[in-house]
Amino acid sequence: MRYVAAIALLLAIGLIFNVPLLVYCGYAMGGIFFAARWFSHRWIKDPRAVRTISRPEIEIGDTFEVQVELINDGKTWIPWLLVEEVLPRSATFGPPPSIQVEGDRITLTSLRGGETKKLVYKVKALRRGYFQLGPVVMETGDFLGLYRRFRVASEPMYILVLPKVIPLLGYNIASRRPVGEVRVTYRMFEDPTLMAGIRDYQLGDPIRRIHWGATAKTGKLQSKVYQPTSVAGATLVIDMHRESNPDCNEPTRTDLAITAAASICHLLFQMQQPFGLVTNGRDAVDRIRFDGWESDPRTREAALKNASREEKSDRLRPVIVPPQRGVENFNQVLRTLARIERTDGLRLPELLAEAQSRIPRDNSVIVLLQQLDERTALALGLLRQQGFAVSAIINSYDDDAYAHTAGMLVSQRIAVYRLTDEKAISQLCETMLVNV
């Protein structure tokens, strides 16, 4: 508007005082400003961007390629076009960074009418999660710099990075004594701690099965007979509340808990046992659905809007995957674990009260947590008193913190396991560190 006022004033002075040169300058300046505005508007309107990715789901450590096609749908030559594929700073800078970018995401190019060019870069996944790629932001303008235009040419896409699955060497968590009349249809193992009798040695019996006392008395090799153990699957309860998962341990400890949960579910899947998931965390898909995708502020209004967005999430609806068998349920649990984020909503006692009716009584309840207070310990103890086989995995590297947390759980007669680092996951469920 200032340019228009200046040109109008120049023309008025030239016409009033009959100065042809001023009138000519006014018309020339008006033509230049009009042409600059028209071309800049046209140059930002005609191009579009189309993004393609090689795989929508990958594993940690995998690298995938992203191609952004820049297409000029108009017939006008665009002399310069600055294109940037925007990635969230929280994913690229961390700490620690979630993805690593190889190649240029910013390019300065020109496009003839109908021409197509490509912007190619690679992304390496460093940790699990649900990450945003894009949007594509374009900038252009006239040669004199009078008008600059910005445009979001393509909405973002999302990539799902699945958590690690580490093979477990054993599984010592089982609901052997369910309360009530529970039909157990699958008996897979014999319990070496519950001997049912002896029998004659059969070819192929391992040495540890031989009963040496009975062999000495009878003079013939005798083998032990064990009672079968009913493995009735498990429901994993993961605490993802911010107060019990402090920022100083993030994202290392929560990712470690997710990896442990995925590994346990994988073992139960191989054992053909039902497994489910209950957590008070927030699904990243829900966050994007309600809060929108993370934008890159290019104007004052956008910056203010982005700065005013609340980081807190008071979600009071737990994420629940009902216990089932099969590969489809395992894939669903794995994708859910990949998307889970910390939240400020339900605490662990409220989560247990909300989800208790959806946990089968013949399932073991495995709780993964970092910290707990007396109220949480009482809630877990009450769950055990109601007939559930409750075990707790304490996700802590510090010995003092582990001893404090384990003490409160042992007082409630809850079996305790310890998760220190990723190397300990393979033996996580093999040996109970505190047996009650």
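If only residues of the range 58-93 that are hydrophobic (A, V, I, L, M, F, W, C) and part of a loop (DSSP other than H, G, I, E, B) are counted, the one that is surrounded by the most Cβ atoms within 10 Å (Cβ to Cβ) is 87. Being out of contact with any Gly (no Cβ under 6 Å at 6 or more places or on another chain), farther than 30 Å from residue 342 by Cβ, without any contact (Cβ under 8 Å) to a residue 24 or more places away in the chain and of a type outside the set (Gly, Ala, Ser) is true of residue 104.
Taking first residues from the range 389-418 that are among the small types (Gly, Ala, Ser) and partners that are assigned to a helix (DSSP H, G or I) and surrounded by 23 or more Cβ atoms within 10 Å (Cβ to Cβ), the Cβ contacts under 7 Å between residues at least 6 apart in sequence or on separate chains come to 392/380; 392/409; 396/405. Regarding the range 64-78, can at least one residue be identified that is over 23 Å from residue 111 (Cβ atoms) and assigned by TED's automatic domain parsing to the domain that holds residue 156? Checking the range 64-78: at least one residue is over 23 Å from residue 111 (Cβ atoms) and assigned by TED's automatic domain parsing to the domain that holds residue 156.
Within the range 398-409, identify whether any single residue is assigned to a strand (DSSP E or B), modelled with pLDDT of 90 or more and either closer than 27 Å to residue 247 by Cα or among the hydrophobic types (A, V, I, L, M, F, W, C) (or both), and answer yes or no. Within the range 398-409 (the criterion being assigned to a strand (DSSP E or B), modelled with pLDDT of 90 or more and either closer than 27 Å to residue 247 by Cα or among the hydrophobic types (A, V, I, L, M, F, W, C) (or both)), the answer is no, since none of the residues qualifies. Please verify whether the range 378-385 includes one or more residues that are surrounded by 14 or more Cβ atoms within 10 Å (Cβ to Cβ), part of a helix (DSSP H, G or I) and in contact (Cβ under 8 Å) with a residue 40 or more places away in the chain. No, that holds for no residue.
Remark: pairs (first residue in the range 15-29, within 16 Å of residue 5 (Cα to Cα); second residue surrounded by 12 or more Cβ atoms within 10 Å (Cβ to Cβ) and among the hydroxyl-bearing types (Ser, Thr, Tyr); Cβ separation under 7 Å; 6+ apart in sequence or on different chains) are absent.
This table checks each residue for (1) under 40 Å from the mean Cα position of the chain (by Cα); (2) more than 30 Å from residue 102 (Cα to Cα); (3) among the acidic types (Asp, Glu).
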| position | (1), (2), (3) |
| --- | --- |
| 28 | no, yes, no |
| 32 | no, yes, no |
| 46 | yes, no, yes |
| 54 | yes, no, no |
| 66 | yes, no, no |
| 82 | yes, no, no |
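When residue 25 is tested against (1) surrounded by 13 or more Cβ atoms within 10 Å (Cβ to Cβ); (2) closer than 30 Å to residue 152 by Cα, exactly one condition is not met: (2).
Residues are listed down the side, and each one gets a yes or a no for (1) at pLDDT below 90; (2) in a strand (DSSP E or B); (3) of a type in the set (Ser, Thr, Tyr); (4) in the same structural domain as residue 64 (by TED's automatic domain parsing):
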residue	(1), (2), (3), (4)
174	yes, no, no, no
180	yes, no, no, no
184	yes, no, no, no
196	yes, yes, no, no
203	yes, no, no, no
208	yes, no, no, no
225	yes, yes, no, no
243	no, no, no, no
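Residues that are buried (at least 16 other Cβ atoms within 10 Å of the Cβ) and acidic (Asp, Glu) within the range 212-271 comprise 239, 255, listed in sequence order.
Residue 36 - would you say it is exposed (fewer than 14 other Cβ atoms within 10 Å of the Cβ) and part of a helix (DSSP H, G or I)? So residue 36 fails the test.
Identify all residues within the range 256-274 that are within 23 Å of residue 244 (Cβ to Cβ) and either among the hydroxyl-bearing types (Ser, Thr, Tyr) or without any contact (Cβ under 8 Å) to a residue 60 or more places away in the chain (or both); write none if there are none.
The answer is 259, 263.
Just so you know, in the range 150-163 the residues that are outside any strand (DSSP E or B) and modelled with pLDDT under 95 include one that is nearest to the chain's Cα centre (by Cα), and it is 156.
Annotation note: of 131, 150, the sole residue that is over 25 Å from residue 335 (Cβ atoms) and among the aromatic types (Phe, Trp, Tyr) is 150.
The values are calculated or read from the model by the stated rules, or taken from the named source; none is laboratory data. On a predicted model such as this, the values are computed, not experimentally measured, just so you know. Don't worry about glycine lacking a Cβ; one is built from the backbone with ideal geometry, like all the others, and counts go over all protein chains shown.
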